[in-house]
Structures are given as C-alpha cells and as structure tokens.
Amino acid sequence: MAPRGPAQRMVDAANAWLGSLDDRQRAAALVPWPSEEERHRWYYTPTDHGGLTLQRMRPAQQSLALQLLATGLSHPGYVTAATIMGLENVLDQVEGWQVGWGRERGRDPQLYWLQIFGDPTAVGPWSWRFGGHHVSVQHLVLDCEVQASSPAFLGADPAESPLLGGHLLRPLGAAEDLARDLVRSLDDAQTDRALISPAAPVDIVGGNRPHIEDGDLLMPLPDVWRGRFTDPELARRVEAMHRGAEEKAGFMAEHHEAVRLTRAPKGLAAIDLTGDQQQQLRALLNVFLGRIPDELAEREARKFADDRLHAVHFAWAGGVERGQPHYYRLQGPRLLAEYDNTQRDVNHIHTVWRDPEGDFGDDVLARHLAAFHQRG
C-alpha cells in the first residue's frame, strides 16, 4: 500500500477529530466553506483564535486535535510548536502568575484553538487552522492536495530558558543564530545594503494582516488582537505596552519608514552574496520552510533552487551582537519571512513565513473558481 500523502493524512486526522465531538463542540469546531472573513483571520497573541479550545476537549479529543496539528508540521516543526505551547507555563512564572488578559488564567497551554472550514470528505476545498499564543498553522486542501500552508507563525517567550546542567532551551535558536552568523559575515559594502535601520521594530512588520500590501507599516499591538478590548483598563495596558516597547527600543518615525514593507524588496540580494553566504542564506530559509511537512517543504524549497535564490533579499535592522534588539526579513518572489527579537529584554522571538500571493491559497482558489465558471 502506498504511503498516504499529507492531504490524506490531514483528511483522516480531521475526520477522526470531528467524529469524536459532541454537537455543541462540533458547532464551534466546524464552520461552512468558505467563511471567507473568518478563514482569513489569524493571530499570534493570547487572544481568541476562533474554533474549539483544547480546554473544551476531553483528553482523547485533545490527542486527536494534536494529531491533526502534527499532520500540518514536520517532526521538528511539531516538536517546536509543542515546546512553544508548554512555554506558557514558564511564561506564567516569569510574569509572577499575574497576567490575566481578562480571563481566569492568562497564560494557559490549553488555550489553543482548532477550527475546520468546510467538509474534509468533500471533493471541493476545505481548510483548517490551529492557533494560540505564538502558534498559528493553517492549510488549504483542494483536489486531494495541500495547496497552501501559509501564513505559518511560531514564536517563543521566553526565547531562551535555563535547563539543568547549564543548557538552554531555545525553540527558535536556529532562526536567530543562522541569521546573525550571516549578517556578521558581510563585508562593509554588503552591510551597507543589508542594514535597513539602526533600530529594530518591536514586532514583525506585517503583523497578522490577512494580506500583505505595498507600503505596510508596523501594526500597533492592540490591532493584532481579535476585536476591540471590552475592558478599558486592558486596552490601556496593551497600548502602553506597545508605546513603552518602542520608547525602550528607540524606535521612532524614521525607523518605521525604514522598515516599511515594499513590493520591491529591501536589503541585500542573494546574487550579491558569496557562495558560502548563499548557502548560509539557504540554510536560514529552510528553517522557515522546514516547519511544514517534508513533502510540502521540499515543494516550497524548489521555488528557490539553484539561481532562483538570487532574487531573495536579506534585510536586517538593529544590533548584530547577541543580546541587542534585532529584526530581519527574507523577501523575494512569493516569499516574506520575518523574524523579530526585541521584547522582554531581547528574549521574545516572533517568526512568520508567508507567501504574499498565495496565503490561504487565495491564488489557487481564484484559478479554481475561474475554471469552474468556464466549465459552467
């Protein structure tokens, strides 16, 4: 028997999970296709991500939910996501068990949501989304193939934590170290082109926008949450957090402009890197692509094989020494990967991989819809 592909693994896991739910759970977990507005919402803050939380599932149902999540990630990707979820317990202690976000427990490893859009058994498109604090995974399935796997977000707070024996837990350490090694390898002329701002933004610039547009600026933190805060005190606290972070980082209007997203990539093109530097850039890119299942990651990597890597640009903002606030992006055809580590005294990482043309499978769905109408 031939091994199941990623799409079939997702279908089987989704059906197993849905089949375990009672009617009330199913009403929260399953929404009709396409539910376009909700399907294009995604978050990485500790806000309501939409769907059914692990909290509201029995242990066996939680296992089935995580089995579906595992079908959407590589093995290292799943280990990283599971570790990030467990960090909620560490973060709770770091914050003195005091941060509530308007609920009984603010940092909670069971506050992760799973939602399915459409019927996994249908011939037509369906998708699923798993998300919570610092994890957002979504996939679109159409014609028995996984057609889209972005946006894909992973973050870590704390970015590094002490383990016994003097070791450090660093779930996203490769995304930090490979990029720093690359920027430190640049000569003066290369650095002049790669460094787009002396100060780093306090978050990924694209935020959680459903679509990336030419000219996008850094989003204020309150805008990254679902809806508006009903508690005025909580709203003030989040706004103050954003202002305080920018003041601490010395991030001012000119820096906002410097890191603004533009259709023409900023930074240093891979074609202007040495051979060794290009290999370093490819290794860094694979840290972002490698979070999804191997078959899908290989398909994405082929978009940047050989000389096609030359169009990818590497842009850096902030300091290059360990412990200094820093940000970088990789941008090229059908690629925007962002990384930021500025918050909590440079111990709080955000990373995202996006396809600005094909996030949520919008390009594939448009072609599918056009072909359907032509046949009709």
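A few points about this structure:
- Assuming charge only on the beta carbon of Lys and Arg (+1) and of Asp and Glu (-1), the dipole of region 236-349 about its Cα centre is about 340 debye to the nearest 20.
- Accessible area in square angstrom per residue, the chain, 1.4 angstrom probe: 44 Å²
- The translational diffusion coefficient of the chain, from Stokes-Einstein at 25 °C and 0.890 mPa s with a Kirkwood hydrodynamic radius over alpha carbon pairs, comes to 115 µm²/s.
- Fraction of accessible area attributable to carbon and sulfur, region 240-368 (%, probe 1.4 Å): 52 percent
- With a cut-off of 14 Å between beta carbons, the residues surrounding Arg107 carry a summed charge of -3, where Lys and Arg count +1 and Asp and Glu -1.
- Hull shadow area, averaged, region 278-332 [alpha-carbon convex hull, nm²]: 4.3 nm²
- The portion of the accessible surface of region 98-195 made up by carbon and sulfur, rounded to a whole percent, is 51 (1.4 Å probe; DNA, RNA and ligands excluded).
- When both region 187-226 and region 112-150 are represented by their alpha-carbon centers, they are found 27 Å apart.
- The share of Cα pairs per 10 Å bin across region 308-359, counted from zero up to the longest distance, runs 25, 44, 25, 6 percent.
- When the alpha carbon coordinates of region 1-61 are projected onto the principal axes, the ranges are 43, 27, 23 Å, largest first.
- For Ala159, net neighbour charge (Lys/Arg +1, Asp/Glu -1) across residues whose Cβ lies under 12 Å away: -3
- Radius of gyration, Dmax [region 288-376; alpha carbons; angstrom]: 17.2, 60
- Only helical runs count toward this figure. For the chain, summing -39,500 (n - 2.57) over DSSP H runs of n ≥ 4 and dividing by all residues gives -11500 deg cm²/dmol at 222 nm.
- According to the Cα-based calculation, Rg over Rh for region 1-124 is 0.99, with Rh computed by the Kirkwood formula.
- Alpha-carbon Rg with Dmax, taken over region 269-310, Å: 10.5, 31
The values are calculated or read from the model by the stated rules, or taken from the named source; none is laboratory data. Everything quoted here is computed from the prediction, not taken from an experiment. Reconstructed Cβ throughout: ideal geometry from the backbone, glycine too, with neighbour counts over all protein chains shown. Only protein heavy atoms, including side chains, enter the accessible area calculation; ligands, DNA and RNA are left aside. Shrake-Rupley method; radii C 1.70, N 1.55, O 1.52, S 1.80 Å.
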